[in-house]
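Data first, discussion second: the structure below is written as structure tokens.
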Amino acid sequence: MFLEQLVNGITLGSIYAIVALGYTLVFGVLDIINMAHGEIFMFGAFVGLLIVSKTGAPLPLAFLGAVVATAAMGLLLERLALRPLRDRPGASHLASLISTIGVSILLENVAHKLFGAGNHLFETPFADIRFKIGPVTVYLVQAVILLISLLLMAGLALWLSRSRAGKALRATAENLETAGLLGVDTNRMITATVVIASAMGGVAGVLVGMAFNYINNQIGLSMGLKGLAIIIFGGMGSVYGAMAGGLILGLSETFVVAYGSSGYRDAIAFVAIIVVLLIKPQGLFGQAPAETGR
Amino acid sequence: MPLEGLNPYHLQVGSFVLINVILGVSIFVTLSTGQLSLGNAGFMSIGAYAAALLSTQHQVPIPVGILAGSLLAGVAGILVGIPSLRLSGVYLAIATLGFGEVLRAVLINWESLTGGAVGIASIPQMGRVILAWGRDRGFSPESLGLQSNQFISLSVFLILLLCTILTVAFFLRLSRSRVGRAYAAIRLDERAAEATGIPITYFKVLAFSQGALLSGFAGALFAHSTSFVSPEDFTYHRAVEILVFAVFGGSEHILGPVFGAAFLTIVPEALRSISDYRYIIYGLLLVLMMVFRPQGVIDPPLIRRFRRSGRGASA
């Protein structure tokens, strides 16, 4: 029982981590919270669902379709709702928050129009296959989810730390202007970041469909709120904080539901961040903001 | 008699506009010290539930219940505001959003008190109570040429109008007082304000709890206007909607959130004929607005220009 709950918790947590990574990447580079990320994620889930259910295509194609669709949405988001604000001097940091909220309202209602409000069954062909490792029953779906999430996280960490583009991205995150002066095409890096973050949202969308067996046009909101809680919890802009925070949240939710009350499940994330913020305002893995000299 | 044409539906939309104006002012007050709160939906729920429970379970008169609900929300605002002093910007926004979500989970799960996800029904409605009170004293709305439901909607609207005017007038006056100047100084530069001897802790908590109190007030009025509250009324969407009132309308002058609340409440209603698309349009509107006028519709230069042209016309 305990070990199985552990597996459930890690599976859920790794999905949370991928969702949170989408927020943290954009925040790290742009210092804004992309409130539309949850809805982009939800579209990824629907595109994956349509590919699997309408064409009967295999799962990898669903991932591919979701990634292409959400990457395109990320590109549009950056071009139409973020860049025009960036080019305006004097726009407050509230402006980009509201602008992405506008996009999220738009997308949620477009999804409502296209797919309706009800639950859609997300069938994975190998949903019933399970195997035993010692005393623990593990579903193949869980193993696949875990594998994909780990690959994605490792790939991202490697790309950020080793590749030239990753270095440029970190430089842009460190200081936009200085990076620009040093020859980094910052606009391109920002676009790349938003596109990559959105594509990760697409992957997460399909993973959620696989894990929960159903999706609806509200999952963007509920997962989005948890993603937000995780990046605060783990430290804004911290990639490893998002991963650790996601796992911790997934595990604590699973265990609270298993051994306590399910009614407060969705509140756990927020209780956790309120506590963390009061003890360590910059988050578990965040760095204390440098005092600005005057 | 012109009153005969009164449409209860229009009055109801008008009442929602007024409640939203109060909510818009509540976020404006908090924002005017540079604190970005997404907790006002939570404070609103405190006011609404307190007023609803007092009147349904303890037969407390409505005005007393509304007052108690507002004060309770204000006290909650102090309790949340003090620890939140350590946070700013998006951290504060998300922590207050978290407060609202936790509170909503409590409302859903504490079924014995709050009625759970179903909420509280048959809360005394202000208009009906007034009508019953008048009927006992031999008054009939027909003497004004009104149907009963027209009279009910009209009296709710007028009470809310009075509350809204008083609220806006109070905070307009406040913004020109010592407190308002302290708020503005803190918003512009917290450290400089502190250096000039403004007790920023005091004023930031004051602004936060004023906003909370006002949200609770709006919530209590809401409970007694619709006669029904449930946790669904105080979700993330409500919190965002309240923030958007101020940011869309303009967060630098109190008329900004007033305009924002009125405009953004009426637009979805006016678009009801194309109801499938109205929130899509609403979302688009927000994006376009931030691209072309990020400071909001109403900003101080606009108000100055209006004043000047008004004076020019009268001179």
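Using square roots of five times the C-alpha gyration tensor eigenvalues, list the equivalent-ellipsoid semi-axes of the range A:42-179 in whole Å, biggest first.
35, 24, 13
Quick one: Debye curve from the alpha-carbon atoms of the range B:1-55 only, equal weights, vacuum; give me log10 I(q)/I(0) at q = 0.25, 0.29 Å⁻¹ to two decimals.
At q = 0.25, 0.29 Å⁻¹ the computed log10 ratios are -1.00, -1.09.
Once every DSSP H run of n ≥ 4 in chain B is given -39500 (n - 2.57) and the sum is divided by its residues, what mean residue ellipticity at 222 nm do you get, rounded to the nearest 500 deg cm²/dmol?
The helix-only estimate for chain B comes to -24500 deg cm²/dmol at 222 nm.
Charges at C-beta only: +1 for Lys and Arg, -1 for Asp and Glu. How large is the resulting dipole of the protein assembly as shown about its Cα centre, in Debye rounded to 20?
1360
Can you divide the C-alpha Rg of chain B by 2.2 N^0.38 Å and report the result to two decimal places?
Cα-based Rg divided by the globular estimate yields 1.04.
Residues with amide H under 5 Å of residue A:130's amide H, sequence separation 5 or more or different chain, H placed in the peptide plane at 1.01 Å from N; which?
It is A:140, by chain and number.
Measure nothing but the geometry: give the 0 to 90° angle between the long axis through the Cα atoms of B:255-270 and the longest principal axis through the Cα atoms of chain B, rounded to 10°.
Once rounded, one gets 50 degrees.
The range B:74-134 to the range A:62-89: how many Å between their Cα centroids?
With the range B:74-134 and the range A:62-89 each reduced to a Cα centre, they are spaced 36 Å.
Once the Cα atoms of the range B:151-276 are picked out, what are the Rg and Dmax in Å?
For the range B:151-276, the Cα radius of gyration and maximum Cα-Cα distance read 17.3, 56 Å.
How far, in nm, would the chain grow between residue B:275 and residue B:297 when pulled straight, counting 0.36 nm per residue and subtracting the alpha carbon separation?
Stretched fully, the residue B:275-residue B:297 segment lengthens by 5.5 nm.
Which shape class applies to the range B:232-271: rounded if a/c is under 1.5, otherwise prolate when a/b exceeds b/c and oblate if not, where a ≥ b ≥ c are the square roots of the Cα gyration tensor eigenvalues?
Oblate shape, in that a/c is at least 1.5 and b/c is the bigger or equal ratio.
Largest first and to the nearest Å, give the Cα extent of the protein assembly as shown along each principal axis.
Principal extents (largest minus smallest coordinate, Cα): 81, 56, 45 Å.
Return the long-range amide H neighbours of residue B:229 (sequence gap of 5 or more, or a different chain), with a cut-off of under 5 Å between placed amide H atoms.
Result for residue B:229 returns B:120.
For the range B:158-287, give the magnitude of the charge dipole about the Cα centre (Cβ charges: +1 Lys/Arg, -1 Asp/Glu; no others), in debye to the nearest 20.
Result for the range B:158-287 is approximately 440 debye, rounded to the nearest 20.
Which ³J(HN,Hα) values, rounded to whole Hz and listed in residue order, are derived for the range A:124-130 from phi using the Karplus coefficients 6.51, -1.76 and 1.60 in 6.51 cos²θ - 1.76 cosθ + 1.60 with θ = phi - 60°, glycine and proline given as x?
Couplings: 9, x, 10, 4, 8, 6, 9 Hz.
Can you put A:153, B:44, B:290 in order, fewest other beta carbons within 10 Å first?
Neighbour counts put them in this order, fewest first: A:153, B:290, B:44.
Any idea how many Lys pairs in the protein assembly as shown come in under 28 angstrom at the alpha carbon, given 8 or more places apart or on separate chains?
Number of lysine pairs found: 4.
Which residue fluctuates the most in chain B, going by a Gaussian network model with Cα springs under 10 Å, if the choices are B:51, B:192, B:182?
B:192
Using only the alpha-carbon atoms, how far is helix B:89-109 inclined from the longest principal axis of chain B? Give it as 0 to 90 degrees, nearest 10.
It is inclined by approximately 30 degrees.
Using Cβ contacts closer than 10 Å as the measure, can you line up A:226, A:113 from fewest to most?
A:113, A:226
In a Gaussian network model over chain A where Cα atoms closer than 10 Å are linked, find which of A:115, A:233, A:63 has the largest mean-square fluctuation.
A:115
Tell me whether the range A:16-56 comes out rounded, prolate or oblate; compute the Cα gyration tensor, take square roots of the eigenvalues as a ≥ b ≥ c, and use a/c under 1.5 as the rounded threshold.
Judged from the Cα gyration tensor, the range A:16-56 comes out prolate (a/c at least 1.5, a/b above b/c).
Can you run the Rg to Rh ratio on chain A? Use alpha carbon positions and the Kirkwood inverse-distance Rh.
0.97
With 10 angstrom as the radius, rank B:289, A:73 by how many other C-beta atoms surround their C-beta, starting from the fewest.
Going from least to most buried by this count: B:289, A:73.
Please identify the DSSP H helices in chain A that span no less than 20 Å along the helix axis (Cα) and have a mean Kyte-Doolittle hydropathy of 0.0 or more.
Answer set is A:2-30, A:37-55, A:59-76, A:93-115, A:140-162, A:186-212, A:219-234, A:239-259, A:265-279.
Where in the range B:1-64 are there chymotrypsin sites (Phe, Trp or Tyr not before Pro) that are in a DSSP coil and have at most 16 other Cβ atoms within 10 angstrom of their Cβ?
Loop-located and lightly packed - none at all.
Identify which of A:15, A:219, A:231 has the largest mean-square fluctuation in a Gaussian network model of chain A, with springs joining Cα atoms closer than 10 Å.
Looking only at A:15, A:219, A:231, the largest GNM fluctuation is found for A:219.
Coordinate-derived values only; no laboratory data. Note that the structure is predicted; figures quoted are calculated from it, not measured. No Cβ is skipped: glycine too gets one built from the backbone with ideal geometry, and neighbour counts run over all protein chains shown.
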